[in-house]
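Undergrad: Questions regarding the structure given below will be posed in turn.
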Amino acid sequence: MRAYFKFEFIQFLFNKKNIAIYVILLFLACFYALKIAPSYDPIEKVDRDEIEARFLTREDFLNNVVIDENSYPLTRFAAAIYPEWNEYDKQRLDALDSNRLREYAGSTYKWYEYSDYMIFRNGNGLLYYNPRYYTAGNLYATEDGHYAYMYSASRYKGYAQGDSELSMDVFEERTALQTLQRLLHGYLPIILLVCCILFTADIVLKDKRNLTVIKGFPISVWRRLVVKGGVALIGSSLTIIPLSIGFIIVAIQHGMGDLNLPVPIFSYEARAFTTITMGEYLFQNVLLMLFWFLLLISLLLLLSIQIRHEFANLVLGCVVVFAEFYYYVRGLGFVKEIQWYPSSYVQVGQIVAGYREYLNNSASLTFENGIAVMSVCTAIILLVTLIISKTKRFKYL
């Protein structure tokens, strides 16, 4: 079995298609690190001029307004809420001017918490989040702003109470680890899953070209499939190598970051954020991705011995990965139990962070449920594959 594993692994590494995939990933990683990452423009960034302009405008209002029994209700409202807002902004400005970043984090945490409370709970259409949430006809601008302000408050609270080294790059989530966090929250998981499908689609069917060599290995069909699955899993995991080049480039530009940096995690049941460390966040993402690799590899091995067509493997594998795009509607989890669909867990970064719970109004789209659903699906597929491979009428190719 060891000799067969070595044979399969060498074939995998020297497969021209697989080499091309790794080269494309390397190109994409470098392009992202050199072109896209430096142009990242976060909505919630450290902008001293913006803070000062907001502070001076409110301060001028407070210094000149006269409140009496004839004052307009909105004027009374503004005069009541502006002082505390300006107090936090003044603290932020003073901390920035003296480079006391821990104090800046503490004041910013309070600013976001107070701002979100006033806008979301008491705004009544009079107060708004950052204008950039209201672009492109966003129907959920208030909800997006609410999530972002809660997220920022939790993040800055973690900075203020933690012992990680702080910098402007950390505040704006530009460090290498934070960039990886943003990518996991975006389309990186889909890219990795598509690569897994491409690696596995022909791993069985290619044996048609080497039937004489394959027959030279006295090994059962089931063990042969297990070896091929192991090779596909290792090959899919090796995608970290070309991607790490881009990670290193970002680290040189903006710093590595810290595995103890706080990562906010939303809980739909509590309607609030807690924090875990960056190390815990990345570990949970890696674990969820590994379970996804196992599910896809198991499915494609089963399809390979049944349908025996590489294009069908590609199509059906992609259907599983992209199925959520066909049924996803924001808030769907409130009326439909989408937590039982494996495709609901494709965005692993958003699952771990609890963002999918927020988008779908569901407390069930959790990391633990994702592991459970994919474990059950993988076990069922492997059992079916084992039964088929042991059937007397079954022919490998």
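Values in this text are rule-based calculations from the coordinates and carry no lab data. None of these values were measured; they are calculated from a predicted model. Here Cβ is always computed from backbone atoms with ideal geometry, including for glycine, and neighbour counts include all displayed protein chains.
Undergrad: If each residue of separation counts as 0.36 nm, what is the full-extension length gain between Y187 and E59 once their alpha-carbon separation is subtracted?
TA: Once the chain is fully extended between Y187 and E59, it gains 41.8 nm.
Undergrad: Output wanted: per-residue J couplings in Hz (rounded whole) for region 87-103, from phi through Karplus 6.51 cos²θ - 1.76 cosθ + 1.60, θ = phi - 60°, x for Gly and Pro.
TA: With the stated coefficients, region 87-103 comes to 4, 5, 5, 5, 4, 5, 5, 4, 5, 5, 5, 9, 6, 9, 5, 5, 5 Hz.
Undergrad: What is the angle, in °, between the Cα long axis of helix 16-31 and the longest principal axis of the Cα atoms in the chain? Nearest 10 is fine, range 0 to 90.
TA: Tilt of helix 16-31: around 10 degrees.
Undergrad: Within region 267-329, list the GluC sites (Glu not before Pro) lying in a DSSP loop whose Cβ has at most 15 other Cβ atoms in a 10 Å radius. Spell out each step's value before the answer.
TA: On the way: sites: E269, E280, E310, E324; in loops: E269.
Those that pass, being in a loop and sparsely packed, are E269.
Undergrad: Here is a further query. Using only the alpha carbon atoms of the chain, find the Kirkwood hydrodynamic radius as the inverse mean reciprocal pair distance, in angstroms to one decimal.
TA: Here the Kirkwood hydrodynamic radius works out to 24.1 Å.
Undergrad: Continuing with this model, one more query. Between D41 and V384, how high is the FRET efficiency from 1/(1 + (r/R0)^6) when r is the Cβ-Cβ distance and R₀ = 51 Å? Nearest 0.05.
TA: With a Förster radius of 51 Å, E is 0.55.
Undergrad: Right, here's the next one. Set Lys and Arg Cβ to +1 and Asp and Glu Cβ to -1, take the dipole of the chain about its Cα centre, and tell me which of T108, I245, F199 lies farthest positive.
TA: Checked the options; the winner is F199.
Undergrad: Between I10 and R223, what FRET efficiency comes out of the Förster formula 1/(1 + (r/R0)^6) with R0 = 22 Å and r the beta carbon distance, rounded to 0.05?
TA: 0.75
Undergrad: Right, something else. For Cα pairs less than 8 Å apart in space and 6+ apart in sequence, what is the mean separation divided by the residue count of the chain, i.e. the relative contact order in percent? Mind showing how you got there, number by number?
TA: On the way: 447 pairs, mean separation 76.8, N = 397.
Relative contact order of the chain: 19 percent.
Undergrad: Quick check: the distance between the Cα centres of region 323-369 and region 119-194, to the nearest angstrom?
TA: Cα centroid to Cα centroid, the span is 19 Å.
Undergrad: Output the relative contact order of region 48-171, whole-number percent, from Cα pairs under 8 angstrom with separation of 6+ residues.
TA: 24
Undergrad: Next up: Kirkwood hydrodynamic radius, region 48-171, all distinct C-alpha pairs: what's the number in Å?
TA: Every distinct Cα pair counted, the radius reaches 15.8 Å.
Undergrad: Normalised by the empirical 2.2 N^0.38 Å for globular proteins, what value does the Cα Rg of region 12-69 take? List each step's numbers first, then the result.
TA: Numbers: Rg = 25.9 Å, N = 58, 2.2 N^0.38 = 10.3 Å.
Working it through for region 12-69, the quotient is 2.52.
Undergrad: On a 0 to 90° scale, report how tilted helix 310-322 is relative to the longest principal axis of the chain, with both axes built from alpha carbons and the result rounded to the nearest 10.
TA: 20
Undergrad: Same structure, new question: Send over the Kirkwood Rh of region 138-292, from the inverse of the averaged 1/r over different Cα pairs, rounded to one decimal Å.
TA: Here the Kirkwood hydrodynamic radius works out to 18.7 Å.
Undergrad: Here's something else I'd like to know. Pairs to check: K157/K336; K6/K208; K45/K336; K206/K390. Give those whose C-alpha atoms are more than 30 Å from each other in this structure.
TA: Beyond 30 Å between Cα atoms: K157/K336; K45/K336.
Undergrad: If you wrap a convex hull around the Cα atoms of region 220-274, how much volume per residue is inside, in Å³?
TA: For region 220-274, the hull spanned by Cα atoms encloses 144 Å³ per residue.
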